[in-house]
Amino acid sequence: MDRLIDLRSDTVTRPTPEMRAAMANAEVGDDVLDDDPTIHQLQEMAAALLGKEAALFMPSGTMSNAVAIKTHTLPGQEILLDSDAHSMLYEAGNPATLAAVLTRQFRSSAGVPSPDEIVGLVHAETLHSPKTALLLLENTHNRAGGTVIPLSVHRVLRDEMDKRGIAVHLDGARLFNAAVALNVRPSEIAAQSDSVTFCLSKGLGCPVGSVLCGRREFIERARRVRKMLGGGMRQAGILAAAGIYALEHHVDRIASDHANATRLAAALIGSPGYVVETERPATNMVYLRTSERASVIVERAKHRFGVLVGTMGDHVVRAVTHLDIGPGDIDLAANAIRAVCAESVSA
Ligand SMILES: Cc1ncc(COP(=O)(O)O)c(C=O)c1O
């Protein structure tokens, strides 16, 4: 085992030497006092790329979503979101605690929401009901397998929410993966929501960070909420420099992560002990439904082959491709996964 092949998530990437050099050389200031030039540069770059008026650097995707929800809503209002959304399942209940909103959940099909179902859930404020203030979407959809919401669905939802005065926030932690998969500019997806967040620390390969984009007035209010949550950072230009480097150098290469996920799925299809749920991965994730408990598969792959994969349920294993993974790693990982899954069948 020369080195581990880490497919647990696209968050595990290490900054490249070039990215580290950009970070080391970053000009910095105190961003809470709003005078870090590198943060300004990243924020302007992100806003321009997404076709929004302004942007705000955030420590994490979780804080970006929490700040967006709190900025869009008032306590006691309601937000609509997928029952499998990251904000619903993996953000420690922050819509309820930080924004004090109710969550009204819809189910999507392979990560793609149904506009009819969503429209049917909308509440106008009455003496009895909470007002629906926000629709939160996730593209790509993590739990559904890195699936992509088509632009046409985004457009219908935007239109329906506009008619009802409901804001739309997009959790675009993997927005660039979605844009590459749909073969559109990220701004075309971003245009279908009032606010959008994307992560620097996933497919873009940065150590830290996320950027929230939207109208200037929204971002000014969001800055205050970020401060309230303790997300004001000082010489954070050192982190923003990684983001600038990534936006300049790591966007086009995302297509190779998708090709590697396709290569992995193709190599896994048809072997015993599991079913490949994402036979044709939409982006950079491969999900397997395993006969053996997922935790057992994960342990075996790690200890016998140095291949790290994650669990997304009792019998669901997830592998995610990223910057530090090449086609050779994929072939080794596929052999390892096949071997450890077959073991349970023959046992
Ligand atoms: C869809 C989605 N949204 C938000 C996040 C949160 O990002 P962070 O880990 O930076 O808080 C994640 C992280 O995996 C994610 O997959």
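The values are calculated or read from the model by the stated rules, or taken from the named source; none is laboratory data. In this text the structure is predicted, and so the values were computed from the model without any measurement. All Cβ positions, even for glycine, are placed from backbone atoms using ideal geometry, and neighbour counts span all protein chains on display. Accessible surface areas use protein heavy atoms only, side chains included; no ligands, DNA or RNA. Shrake-Rupley method; radii C 1.70, N 1.55, O 1.52, S 1.80 Å.
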How do the pairs read when you match residues in the stretch 135-152 that are open to solvent by 10 Å² or more (accessible area, probe 1.4 Å) and part of a loop (DSSP other than H, G, I, E, B) with residues anywhere that are within 11 Å of the ligand (Cβ to nearest atom) and of a type in the set (D, E, K, R), using Cβ under 7 Å and keeping only pairs 6 or more apart or on different chains? Arg143/Asp84; Ala144/Asp84
For the stretch 25-44, which positions are in contact (Cβ under 8 Å) with a residue 12 or more places away in the chain and in a helix (DSSP H, G or I)? Asp31, Val32, Pro37, Thr38, Ile39, Gln41, Leu42, Gln43
Do you know which residues across the stretch 112-121 are surrounded by fewer than 18 Cβ atoms within 10 Å (Cβ to Cβ) and part of a loop (DSSP other than H, G, I, E, B)? Ser114
Within the stretch 143-168, residues being within 13 Å of the ligand (Cβ to nearest atom) and farther than 20 Å from Cys213 by Cβ number 5
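The rows are residues; the columns are (1) among the small types (Gly, Ala, Ser); (2) open to solvent by less than 80 Å² (accessible area, probe 1.4 Å); (3) over 14 Å from Thr321 (Cβ atoms).
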| position | (1), (2), (3) |
| --- | --- |
| Glu217 | no, no, yes |
| Leu229 | no, yes, yes |
| Gly232 | yes, yes, yes |
| Asp252 | no, no, yes |
| Asp257 | no, yes, no |
| Asn284 | no, yes, no |
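Would you please name the residue that is farthest from the ligand (Cβ to nearest atom), looking only at residues in the stretch 169-222 that are part of a helix (DSSP H, G or I) and either free of Cβ contacts under 8 Å to residues at least 12 places away in the same chain or under 17 Å from Ser87 (Cα atoms) (or both)?
Glu217
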Verdict on Thr140 being β-branched (Val, Ile, Thr) and within 15 Å of the ligand (Cβ to nearest atom): yes
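For (1) among the hydroxyl-bearing types (Ser, Thr, Tyr); (2) touching a residue at least 40 places away in the same chain (Cβ under 8 Å); (3) assigned to a loop (DSSP other than H, G, I, E, B), each residue gets a yes or a no:
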position: Thr262; (1), (2), (3): yes, no, no
position: Ala267; (1), (2), (3): no, yes, no
position: Arg280; (1), (2), (3): no, no, yes
position: Tyr287; (1), (2), (3): yes, yes, no
position: Ser295; (1), (2), (3): yes, no, no
position: Val317; (1), (2), (3): no, yes, no
position: His322; (1), (2), (3): no, yes, yes
position: Ile325; (1), (2), (3): no, yes, yes
Failed condition for Cys341, given (1) in contact (Cβ under 8 Å) with a residue 24 or more places away in the chain; (2) open to solvent by less than 40 Å² (accessible area, probe 1.4 Å); (3) over 22 Å from Arg253 (Cβ atoms); (4) under 25 Å from the mean Cα position of the chain (by Cα): (4)
Which residues, counting only those in the stretch 223-242, are farther than 16 Å from Asp35 by Cβ, of a type outside the set (A, V, I, L, M, F, W, C), outside any helix (DSSP H, G or I) and in contact (Cβ under 8 Å) with a residue 24 or more places away in the chain? Gly231
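Would you call Ser9 closer than 23 Å to Asn142 by Cβ, under 21 Å from the mean Cα position of the chain (by Cα) and either within 12 Å of the ligand (Cβ to nearest atom) or open to solvent by 30 Å² or more (accessible area, probe 1.4 Å) (or both)?
For Ser9, the condition - closer than 23 Å to Asn142 by Cβ, under 21 Å from the mean Cα position of the chain (by Cα) and either within 12 Å of the ligand (Cβ to nearest atom) or open to solvent by 30 Å² or more (accessible area, probe 1.4 Å) (or both) - is met.
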